[in-house]
1. I want to verify the translational diffusion coefficient of the range B:42-94 in µm²/s; compute it with Stokes-Einstein, Rh as the Kirkwood radius over Cα pairs, at 10 °C and 1.306 mPa s.
2. Sort the range A:23-97 into rounded, prolate or oblate with this rule: let a ≥ b ≥ c be the square roots of the eigenvalues of the Cα gyration tensor; rounded if a/c is under 1.5, and if a/c is not under 1.5, prolate when a/b is larger than b/c, oblate otherwise.
3. Which one, B:Thr64, B:Ala166, B:Phe201, is farthest towards the positive end of the dipole of the range B:30-202 when Lys and Arg carry +1 and Asp and Glu -1 on their Cβ?
4. Restricting to lysines 8 or more places apart or on different chains, can you count the pairs in chain B with Cα atoms under 26 Å from each other?
5. At 1.4 Å probe size, what's the solvent-accessible area of A:Lys41? Round to the nearest 10 Å².
6. Compute, for A:Ser44, the solvent-accessible surface of its heavy atoms (probe 1.4 Å) with the complete set of protein chains present, and express it in square angstrom to the nearest 10.
7. Which order do you get for B:Phe109, A:Phe72 if you rank them by accessible area with a 1.4 Å probe, largest at the top?
8. Once the Cβ-Cβ distance between B:Leu171 and B:Glu125 is put in as r, and R0 is 25 Å, what FRET efficiency do you end up with, to the nearest 0.05?
Amino acid sequence: MIKKSIKVGLLISALGLGACQQQPDIYNWGEYETTMLAYYKDASHIGAFEAELLALIEQSDVSDKKIGPGIFAEYGYLLLQKGDIEKSVKYFTLEKKN
Amino acid sequence: MFHKKILSKLAIFSLILISLSACQTTNIKKDYSSFREADPRSILIVPVVNNSVEVDAPDLFLSTLSRYLAERGYYVFPVNLVKNVMEEDGMGDANLAHEVDPTRLGEIFGSDMALYVKINTWTAEWAVIAASVTVEMEYVLKDTRTGQTLWTDSQTRQWAPKTHNAGHPLLTLIVAAIQAAAVKAAPNYIPLAQQANYNAFNQIKTGLPAGPYNPKYQNDMEDF
């Protein structure tokens, strides 16, 4: 009896929770946050941050999900810092279109 | 038998109560009239002011903000780029950046809004067998076209490891001490910061109305 009521209760509560479930993400973020975090903890990890940005950009060509706003520009900015102006402009333009 | 019936009813009732409390808020709806009127589309995240003793808290926290704001439907300016540009422009000091006229930031970046965050607490407390991690922040969104404040919120999150009963008093104590030591060695603030952000921006009646890139844009008038 008690077991059964717990089951009923669980079912109801599951329905209740479903009603306020998180929406699925709009964007693909990959490891954008974690690699940025690692870079902020230790500046020598900038390479991994840059590699992840590029990986996300490459995925965006084949995935239906857009990549998060700002990611093209973040990558473009890292290129600009390295002095690769021509390539960086390309990614800033892509950011505009995203 | 009678006793069992009551117990089972109680079981159902308490589970329903749990499910309701997980979602419902007793919050009073904030005044969104100026937010709705401004109808902002983009957010610039200004360097985070740190009132805690942890020096790297602002940078670490900065990396947790974009996702939550973007998923609410706003264009979020690339945080690492903005951080560097502001540093080059002499606004790298967060306290100074918070003093700058918001409309000036709007002119530089072309944003609709700026988010100002202050970290008030970012601490891990440790006392041999007990530990806790606490984060506390204040969020303010200002219109960078008019300078008007559109939205404010504050969040506190605390975490403490659960004490496990290891069956033997001494063992239980040792387990607790190990847990506390682990917190001391590497307190993990990030999940708490993420929870704080999620709550601040998503909570019905107090969060941010869906922005133009969210399917609920302008369809959430009752909630916000």
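1. Working: Rh = 11.7 Å.
In µm²/s, the coefficient is 136.
2. Details: a/c = 2.22, a/b = 1.13, b/c = 1.97.
Cα axes put the range A:23-97 in the oblate bin.
3. B:Ala166
4. 17
5. Using a 1.4 Å probe on the heavy atoms, I get roughly 130 Å².
6. 90
7. On the way: B:Phe109 40, A:Phe72 15 Å².
The ranking, largest first, comes out as B:Phe109, A:Phe72.
8. Working: r = 24 Å, r/R0 = 0.95.
So, using R0 = 25 Å, E works out to roughly 0.60.
The values are calculated or read from the model by the stated rules, or taken from the named source; none is laboratory data. Fair warning: this is a prediction, and the values are worked out from it, not measured in the lab. Cβ coordinates were reconstructed from backbone atoms using ideal geometry, including for glycine residues, and neighbour counts include every protein chain displayed. Please note that ligands, DNA and RNA were not included when accessible areas were found on the heavy atoms of the full protein model with its side chains. Shrake-Rupley method; radii C 1.70, N 1.55, O 1.52, S 1.80 Å.
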